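Notes follow once the structure below has been shown.
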Amino acid sequence: NKLVLLDIDAAGIATLTLNRPDDANSLVESVKLELFQALTEIENNRHVRAVILRGNGARFSGGGDIYEMRDHLDDAPRFIGLAIDRFHNVIMALRRLKVPVIAAVQGAAAGGSFSLAMACDVVVAAEDARFVVAYPKLAAAPDGGLSFFVTRRLGAKGAIDVLLLRDALGAREALDIGLITRVVPFDQLAQTARDIAQRIVSLPAQSVREIKALIGSLHDTELAQQLAAERAAFVRCAGEADFRERVLAFFDKKC
């Protein structure tokens, strides 16, 4: 079965679905590869006018797969470095799209999937959505541009508050501080995301394309630099004993 589903309809709306609902749509390496391939397909399709990114099932995504981390603890810095490289390829492919991307988030968006949602242009959340930082619990640093996107939205003071002083943000909290765009009941999430996509499609394509480029191009170089800094920070953390202990403790329910 495909781990990432791609559907492009007649209106030019592409829907990307993380399709591992029995495993919280976790971002295992094979998912990252399929997601990158799907984003490349969208980039090369001139018919696409808007993108919806969603997760199948009760959660948007549980983020990076801690089972994979545990299985590579003896070579953690190398494995983490390669895993982050693949993830950052996804983030950059997402940001390169010339059309807006709408994240539709239900349940948990944890760790790397919090980053993935923040990389989107519009974030619509169901009332049960929770944006979970996760990284400090593993004695790790953010990846996927989370430090970049949260700081860009909230400033340095707000980013410190979210990334260090809160374990998770509920949907209403995230909306109140300006981190996301809209909160709706769960049963309205899919339709709301589609309504936004249809609004974008109804606008002149060149206007949408140029406005997104003007906004995004201001930060492309900074994002690439921050992704490199995040990778280096996470790899340093992965080489510390505390990282190993906390990954193992997760399975003992001590963390």
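Some points to look at:
- Formal net charge of residues neighbouring Ile8 (Cβ-Cβ distance under 13 Å; K, R +1; D, E -1): -2
- Global form of segment 64-150, assessed from the alpha-carbon gyration tensor, a/c cut-off 1.5: oblate
- With Cα atoms, 0 to 90° folded angle of helix 241-251 axis to the chain main axis: 70 degrees
- Mean accessible surface per residue for segment 122-166, computed with a 1.4 Å probe while every protein chain stays in place, in Å²: 40 Å²
- Shape class for segment 171-255, computed from the alpha carbon gyration tensor (a ≥ b ≥ c): oblate, with a/c not under 1.5 and a/b at or below b/c.
- Ranked packing of 201-209, 174-182, 110-118, 90-98, most packed first, by mean Cβ within 10 Å: 110-118, 90-98, 174-182, 201-209
- Helix 205-217 and the longest principal axis of the C-alpha atoms of the chain enclose an angle of approximately 30°.
- Loop-located trypsin sites (Lys or Arg not before Pro) across segment 107-173 with a Cβ neighbour count of 16 or fewer within 10 Å are Arg166, with loop assigned by DSSP.
- Sulfur and carbon atoms: percent of accessible area, the chain [1.4 Å]: 52 percent
- Whole-number percent relative contact order across the chain, with pairs defined as alpha carbons under 8 Å at least 6 apart: 20 percent
- In degrees, nearest ten, helix 220-238 long axis to first principal axis of the chain (Cα): 20 degrees
- Accessible area in the full protein assembly, largest first, 1.4 Å probe, for Thr192, Thr151: Thr151, Thr192
- Calculated on alpha-carbon atoms, Rg and Dmax of the chain in Å: 17.4, 54
- Computed [θ] at 222 nm, deg cm²/dmol, the chain (DSSP H ≥ 4; -39,500 (n - 2.57); rounded to nearest 500): -16500 deg cm²/dmol
- Prolate/oblate/rounded call for segment 2-57, Cα gyration tensor, a/c under 1.5 rounded: oblate
- Partner aspartates and glutamates for Lys98 [C-alpha distance under 12 Å; skip if fewer than 8 residues away on the same chain]: Glu43, Asp121, Glu210
- Electrostatic dipole magnitude of the chain [Cβ: Lys, Arg +1; Asp, Glu -1; Cα centre; debye, to 20]: 540 debye
- Charged-residue dipole, Cβ positions (Lys, Arg, Asp, Glu), segment 189-235 about Cα centre, Debye nearest 20: 200 debye
The values are calculated or read from the model by the stated rules, or taken from the named source; none is laboratory data. Because the structure is a prediction, the values reported are computed rather than measured. Heads up, the Cβs are rebuilt from the backbone with ideal geometry, glycines too, and the neighbour counts pull from every protein chain shown. Surface areas here come from the heavy atoms of the whole protein model, side chains and all, with no ligands, DNA or RNA. Shrake-Rupley method; radii C 1.70, N 1.55, O 1.52, S 1.80 Å.
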